[in-house]
Amino acid sequence: MAGGLRGEQTVGLDGNSQGRPPFASIGFFDSGVGGTSVLLEVHRLLPAAPLLYLADQAHCPYGPRPTAELRTLSAANTRWLLARGATLIVIACNTASAAALHWLRRRFPGVPFVGMVPAVKPAAQTTRSGVVGLLATPATLQGALLREVEAAWAAHVRVEHQLCPGLVERIEAGDLDSPATRTLVHRSLAPLLAAGVDTIVLGCTHYPFLTSLVADLA
C-alpha cells in the first residue's frame, strides 16, 4: 500500500484544506472523491469537528473488487487514519461498508466504525407505486447489510437493483454531464423506469454528484 494511498485532506472549522494534521477526531475513507459527499454533510452538521479524509484513488473503483481485497484495503485505510489521530472511522463508501464493516469492528475492537447503507428505508416509506429503484455496485447489492435493510424496512415494496458499470470512473474524472455520461446514466435508469419505479436510491457515495442528471433523465 505504500505510495498507493492518495488524496489525504482535512477540513477544520473554516472548511479549508490544511494538509496533514497532528490530530483528527473523525476519519473518513473511500476509493476516491465519492465519500466527500458524506464528509461535507458531516462538516455541515459538526462545523467545529476536525475531519480527516482519505481517498484511496490508487485502487478506485472498489465496486468490482472481491470481498477479501476490499477488507485488506479497508484495514490499511483504517490503520492510516488511526495513525493520524482519528478516533472514529466513517466508511464513506457503500461497497466497503458492505464488505468490511462488521469485519473491521471485530479486527479493531474499541474503534467505533460508522458505515453506509443505501437509503432503502426512506425510499420504501415514500414510494407511491410500491417499486423502488436502487443504483449500486456489485459488492453493495450482494452484501448482507442491504439484505438486512430490505428485510427490515422494504418487505412491503419491490426493490429493483441496477448496476452502473463505469459510472464511478466518470465521476472520478469530473465528467458529470458529457454525452457519454448521460448515455451511461440513461442506460442504467431505463430498466428501472420500465419496471415502474417512482423513487430511485443512489446506493454509492459517488452518485450524489449526479443527482441533477439522474433527476433530469428520470
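Only the coordinates and a few stated rules stand behind these numbers; no lab work does. Since this is a predicted model, take the numbers as computed values, not measurements. In this analysis, Cβ positions are derived from the backbone assuming ideal geometry, glycine residues included, and neighbour counts consider all displayed protein chains.
Quick one: order 108, 29 by neighbouring beta-carbon count within 10 Å, fewest to most.
Result, fewest neighbours first: 108, 29.
Where does each of 31, 97, 212, 37 land when they are ranked from fewest to most other beta-carbon atoms within 10 angstrom? Don't skip to the end; give the middle numbers.
Values: 31 31, 97 27, 212 11, 37 18.
Fewest to most other Cβ atoms nearby, the residues stand as 212, 37, 97, 31.
If neighbour count is taken as other Cβ atoms inside 10 Å, put 59, 206 in order from fewest to most. Please list the in-between numbers first.
Details: 59 18, 206 30.
By the 10 Å Cβ count, ascending, the order reads 59, 206.
Measuring from label point to label point, each 7 Å out along Cα→Cβ, what is the residue 173 to residue 108 span in nm?
With each label placed 7 Å out from Cα toward Cβ, I get 3.2 nm.
Among 52, 204, 36, whose Cα lies farthest out toward the positive end of the dipole of the chain, if unit charges sit on the beta carbon of Lys, Arg (+1) and Asp, Glu (-1)?
With unit charges placed on the Cβ atoms, the residue in question is 52.
Taking only C-alpha pairs under 8 Å that are 6+ residues apart, what is the relative contact order of the chain in percent? Please list the in-between numbers first.
Numbers: 420 pairs, mean separation 45.1, N = 218.
It rounds to 21 percent for the chain.
Which entry in (i) 17.3, 52; (ii) 20.2, 75; (iii) 22.7, 67 matches Rg and Dmax of the Cα atoms in Å derived from the coordinates of this structure?
Derived directly from the coordinates: (i).
Give, rounded to the nearest 20 debye, the magnitude of the charge dipole that the chain has about its Cα centre when Lys and Arg contribute +1 at Cβ and Asp and Glu contribute -1 at Cβ. Walk me through the intermediate numbers first.
On the way: 17 positive and 15 negative charges, 119 e Å.
With Lys and Arg at +1 and Asp and Glu at -1, about 580 debye.
Quickly estimate the mean residue ellipticity at 222 nm for the chain, helices only: each DSSP H run with n ≥ 4 gives -39500 (n - 2.57), and the total goes over all residues, rounded to 500. Please report the intermediate quantities before stating the final value.
On the way: 9 runs with 92 residues, N = 218.
One gets -12500 deg cm²/dmol as the mean residue ellipticity at 222 nm.
Answer with one residue from 181, 137, 194: the one whose Cα lies farthest towards the positive end of the charge dipole of segment 120-217, charges on Cβ with Lys, Arg +1 and Asp, Glu -1.
Looking along the dipole axis, the top candidate is 194.
Based only on Cα atoms, what mean projected area does the convex hull of segment 120-217 have, in nm²?
For segment 120-217, averaging the hull's shadow over all directions gives 5.8 nm².
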